[in-house]
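Below is one structure, written out as structure tokens, with a few remarks after it.
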Amino acid sequence: MKKAERALISLTDKSGIEVFAGELANLGIEIISTGGTAKKMRDHGIKVKDVSEFTGFPEILDGRVKTLHPKVHGGILAKKNNPDHLQQMQEHGLQAIDIVAVNLYAFDKAIADPECTLENAIENIDIGGPTMLRAAAKNFQDVTVIVDPADYPVVIEEIKAHGNTTLKTRFRLCTKVFALTSRYDTAISAWLEGVVC
């Protein structure tokens with residue numbers, strides 16, 4: 001397994017991120033991020049590249065479109081042992097993303113507010129987050145995907161020991177993604193079923 005070189009981090013729950021990202025940076029891993037996550041890391045002296053700089057395309061539509069870009073998803077989904085994928089990455093100037101640490105907009109928290117409107121609930125439906133998570137989980141052979149801060153220590157430990165995480169860990173983390181996105185979509189569907197529009 002190739003050494004991890006690049007991580008994309010975009011979090012709602014930022015607990016422990018300064019330690020995790022600090023360790024990644026100390027290991028020479030480039031960090032790409034968005035908005036408040038990037039700010040928190042910079043506030044702790046961690047070097048971060050904005051997604052818009054990575055993609056060459058600005059965030060648009062009030063932040064609704066930030067990470068939905070071929071340079072992000074190509075970097076996540078490319079199979080590193082597939083010569084055609086590697087050639088296409090070179091042709092299109094894509095860089096591999098080896099680690100994806102993402103958690104989702106707090107939809108449950110938004111709808112728990114008795115004053116929550118349909119418009120507010122809709123704005124708390126995450127699109128880019130689940131898309132990146134599912135892409136990274138699908139490509140677990142090559143990508144480490146993290147949805148739970150409790151998994152930060154094992155990821156750091158394995159990267160320190162091997163230059164990357166083990167396949168066993170990547171598969172375990174991938175299963176957590178599909179469990180999370182399934183619960184997330186179920187919560188959205190269940191809430192919307194009770195709404196009169």
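The values are calculated or read from the model by the stated rules, or taken from the named source; none is laboratory data. Note that the structure is predicted; figures quoted are calculated from it, not measured. With ideal geometry, Cβ positions are generated from the backbone for all residues, glycine too; neighbour counts draw on all protein chains shown.
The figures follow:
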{"item": "Candidate set from region 1-19 (those that are within 20 Å of Ala96 (Cβ to Cβ) and among the hydrophobic types (A, V, I, L, M, F, W, C)); member that is surrounded by the most Cβ atoms within 10 Å (Cβ to Cβ)", "result": "Leu8"}
{"item": "Boolean, Ala96 is of a type outside the set (Lys, Arg), part of a loop (DSSP other than H, G, I, E, B), at pLDDT 90 or above and in contact with an Asp or Glu (Cβ under 9 Å, 6 or more places away or on another chain)", "result": "yes"}
{"item": "Count of residues meeting criterion [touching a His at 6+ places or on another chain (Cβ under 6 Å) and among the basic types (Lys, Arg)] in region 49-90", "result": "1"}
{"item": "Residue check for Asp142: of a type in the set (Asp, Glu) and either outside any helix (DSSP H, G or I) or surrounded by fewer than 13 Cβ atoms within 10 Å (Cβ to Cβ) (or both)", "result": "yes"}
{"item": "Among (1) within 21 Å of Ile17 (Cα to Cα); (2) exposed (fewer than 15 other Cβ atoms within 10 Å of the Cβ); (3) acidic (Asp, Glu), the one test that Asp62 misses", "result": "(1)"}
{"item": "Criterion (under 19 Å from the mean Cα position of the chain (by Cα), over 17 Å from Thr169 (Cα atoms) and not small (Gly, Ala, Ser)) met by exactly one of Ile122, Ile146, Ile127", "result": "Ile127"}
{"item": "Leu180 being part of a helix (DSSP H, G or I), crowded, with 18+ Cβ neighbours inside 10 Å, in contact with a Phe, Trp or Tyr (Cβ under 9 Å, 6 or more places away or on another chain) and not basic (Lys, Arg)", "result": "no"}
